[in-house]
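*Asks:* Let me give you the structure first, and then I'll get to my questions.
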Amino acid sequence: MLFIYNLIVLFASQILRVLALFSPKMKLFVAGRKSVFFTLKNNIHAEDKVFWFHAASLGEYEQGLPVIENVKAQFPNHKIVITFFSPSGYEVRKNNAIADVTVYLPLDSKANAKQFLDLVHPEKVFFIKYEFWPNYLNQLKERNISTYLISGIFRENQVFFKWYGGFYRKALKSFNYFFVQNEKSKTLLQSIGFTNVKVSGDTRFDRVVAILEKDNTLDFIEQFKNNQTTIVIGSSWPKDEELLVNFINQAAEHVKFILAPHNIKSEQIQNLKQSITKPTILFSEYSSSNVETRLIASLQDYNVFIIDTIGILTKIYSYADIAYVGGGFGNPGVHNILEPATFGIPIVIGSNYSHFAEATALVGLEGCISVKNQTELNEAFDLLLQNEDERYEKGHICSTFVQMNKGATASILKAVV
């Protein structure tokens, strides 16, 4: 089976080179891996002590960040290597301050795995949430390198739990310990013979709790809000925006809206702005060097603020009275709801959230409202806008939920370092 798997990896590598000619994302995926070994050779030396963390993409990186930060604090003389599989993670966080080296993970061939581990020679390895690469895992086991899965989550439809999943079940034997998010994941692993499992929870809770200790002030958002009731819409997709724009256009004049779309391509942003009938300004217009003073001074006069940049949504949530988190009308589903939740804000989402434990829990607790269509979205917003007690109660449920679920990082660190 390993022979067939390696043939598939080899074939995939050739296909990706062709796709890179037509897809900007695939071009980054392929080109970004060309310099990995050179970068490692020049930044990791034989005498270095190294911890390696692997994240599939941006979400997993953010999820693992509390553990990475704590490990870095406890072992300041160790080097931290962070790898990403996807461009959407690497390109956003390649210049992060926590790692000594951040690179793409080379494709999972036996030769790549050997060369990568020869250069990195990690003391401990942490895979965040998922991604199980057989050649890397086999090499880690052969070299007797301590390997952990943190904030792991397993579902019964995964290949490990199928009759034909023996090849992947064998790869799981490389892990010294599994730190999983819930009892169901533990039970599934136990059903295939793994007892080295602990339910430690989700480290994302620790990350969002830590946000409260930071300075989340944004003077221009405060000026725009101007003490008015504000709905912050985060990570919206076109399917979300079709419904949201309809509501925005008929909303009361005293309600403010801040939109931070998932896709900030210029054409899409302009289309979004043109669909809104209320006074609307883009962040790029506000921040542009040629914006006149009178425009900045009158920021409070706008009803809608479209954030066509990245990196400030978390701070913006701190100004929200109500949050809408996008993605719930498409695949793979709703985006991260924990960031608004930690600020004690009631949340509205679309209907595709069942694969996200925190969303499922908060909908069940009634801190989060799921909507299926325009009518339900309008009713949810109207309820929260017209009833301050309802806003407070649902917001309190959200913040309490986050606080009650923190502690995964300490549980993991206690066991592995």
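*Asks:* Checking the conditions here, which among Phe160, Phe132, Phe167, Phe154 is open to solvent by less than 50 Å² (accessible area, probe 1.4 Å) and farther than 24 Å from Phe3 by Cβ?
*Replies:* Phe154
*Asks:* Check Asn405 against each of (1) closer than 21 Å to Pro238 by Cα; (2) surrounded by 15 or more Cβ atoms within 10 Å (Cβ to Cβ); (3) of a type in the set (S, T, N, Q) and name the one condition it does not meet.
*Replies:* (1)
*Asks:* Considering (1) in contact with a Gly (Cβ under 8 Å, 6 or more places away or on another chain); (2) surrounded by fewer than 24 Cβ atoms within 10 Å (Cβ to Cβ); (3) closer than 15 Å to Gly234 by Cβ; (4) in contact (Cβ under 8 Å) with a residue 24 or more places away in the chain, say which one Lys315 fails and leave the rest.
*Replies:* Going through the list (1) in contact with a Gly (Cβ under 8 Å, 6 or more places away or on another chain); (2) surrounded by fewer than 24 Cβ atoms within 10 Å (Cβ to Cβ); (3) closer than 15 Å to Gly234 by Cβ; (4) in contact (Cβ under 8 Å) with a residue 24 or more places away in the chain, Lys315 breaks only (1).
*Asks:* Could you pull out the residue among Lys265, Lys239, Lys225, Lys198 that is of a type in the set (Lys, Arg) and free of Cβ contacts under 8 Å to residues at least 60 places away in the same chain?
*Replies:* Working: Lys239 fails: free of Cβ contacts under 8 Å to residues at least 60 places away in the same chain; Lys225 fails: free of Cβ contacts under 8 Å to residues at least 60 places away in the same chain; Lys198 fails: free of Cβ contacts under 8 Å to residues at least 60 places away in the same chain.
Every option except Lys265 fails the conditions.
*Asks:* Which one is modelled with the lowest pLDDT among residues in segment 339-362 that are among the aliphatic types (A, V, I, L, M) and surrounded by fewer than 24 Cβ atoms within 10 Å (Cβ to Cβ)?
*Replies:* Going through segment 339-362, the residues among the aliphatic types (A, V, I, L, M) turn out to be 341, 345, 347-349, 357, 359, 361-362.
Restricting the remaining residues to those that are surrounded by fewer than 24 Cβ atoms within 10 Å (Cβ to Cβ) gives 357, 361.
Numbers: Ala357: 87, Ala361: 95.
Across segment 339-362, the extreme among qualifying residues is Ala357.
*Asks:* Name the residues in segment 195-211 that are at pLDDT below 95 and surrounded by fewer than 17 Cβ atoms within 10 Å (Cβ to Cβ), would you?
*Replies:* Ala210
*Asks:* Where in segment 249-313 are there helices (runs of 4 or more DSSP H), lying fully within it, with 1 or more residues that are modelled with pLDDT of 90 or more?
*Replies:* Correct list: 266-275, 283-287.
*Asks:* Same structure again: May I ask you to list the residues in segment 123-182 that are assigned to a strand (DSSP E or B) and on the phi > 0 side of the Ramachandran plot? Steps first, please.
*Replies:* Filtering segment 123-182 for residues assigned to a strand (DSSP E or B) gives 124-128, 146-152, 177-180.
Matches in segment 123-182: Ser151 only.
*Asks:* Then there is this: Output the qualifying pairs, or none if there are none: Cβ atoms under 7 angstrom, residues six or more apart or on different chains, first residue in segment 352-378 and in contact (Cβ under 8 Å) with a residue 12 or more places away in the chain and outside any loop (DSSP other than H, G, I, E, B), second residue of a type in the set (S, T, N, Q) and open to solvent by 40 Å² or more (accessible area, probe 1.4 Å).
*Replies:* Final answer for the pair search is Ala357/Asn182; Ser370/Ser351; Gln374/Asn246.
*Asks:* Can I ask one more? Just one of Ala99, Ala20, Ala113, Ala55 is open to solvent by less than 70 Å² (accessible area, probe 1.4 Å), modelled with pLDDT under 95 and not β-branched (Val, Ile, Thr); which is it? If you could, list the steps in order and put the result at the bottom.
*Replies:* Working: Ala99 fails: modelled with pLDDT under 95; Ala113 fails: modelled with pLDDT under 95; Ala55 fails: modelled with pLDDT under 95.
After ruling out the rest, the residue left standing is Ala20.
*Asks:* Does Val255 qualify as being open to solvent by less than 10 Å² (accessible area, probe 1.4 Å), in contact (Cβ under 8 Å) with a residue 60 or more places away in the chain and over 27 Å from the mean Cα position of the chain (by Cα)? Outline the logic, then answer.
*Replies:* On the way: open to solvent by less than 10 Å² (accessible area, probe 1.4 Å): yes; in contact (Cβ under 8 Å) with a residue 60 or more places away in the chain: yes; over 27 Å from the mean Cα position of the chain (by Cα): yes.
Answer is yes for this residue.
*Asks:* If you go through segment 58-76 one residue at a time, how many are open to solvent by less than 60 Å² (accessible area, probe 1.4 Å) and part of a helix (DSSP H, G or I)?
*Replies:* Within segment 58-76, residues that are open to solvent by less than 60 Å² (accessible area, probe 1.4 Å) and part of a helix (DSSP H, G or I) number 13.
*Asks:* Can you confirm whether segment 131-154 contains a residue that is closer than 25 Å to Gly311 by Cα and not aliphatic (A, V, I, L, M)?
*Replies:* There is at least one residue in segment 131-154 that is closer than 25 Å to Gly311 by Cα and not aliphatic (A, V, I, L, M).
*Asks:* Report, by residue number, each residue of segment 13-36 that is in contact with a strand residue (DSSP E or B) (Cβ under 6 Å, 6 or more places away or on another chain) and not in a helix (DSSP H, G or I). Let's see the steps before the verdict.
*Replies:* If we filter segment 13-36 for residues that are in contact with a strand residue (DSSP E or B) (Cβ under 6 Å, 6 or more places away or on another chain), which is where we start, we get 32-33, 36.
Within segment 13-36, Gly32, Arg33 meet the criteria.
The values are calculated or read from the model by the stated rules, or taken from the named source; none is laboratory data. As the structure is a prediction and not an experimental result, all values here were calculated from the model. Counting neighbours? That spans all protein chains shown, and the Cβs are built from the backbone with ideal geometry, glycine included. To get the accessible areas, we keep the full protein, side chains included, count just its heavy atoms, and leave off ligands, DNA and RNA. Shrake-Rupley method; radii C 1.70, N 1.55, O 1.52, S 1.80 Å.
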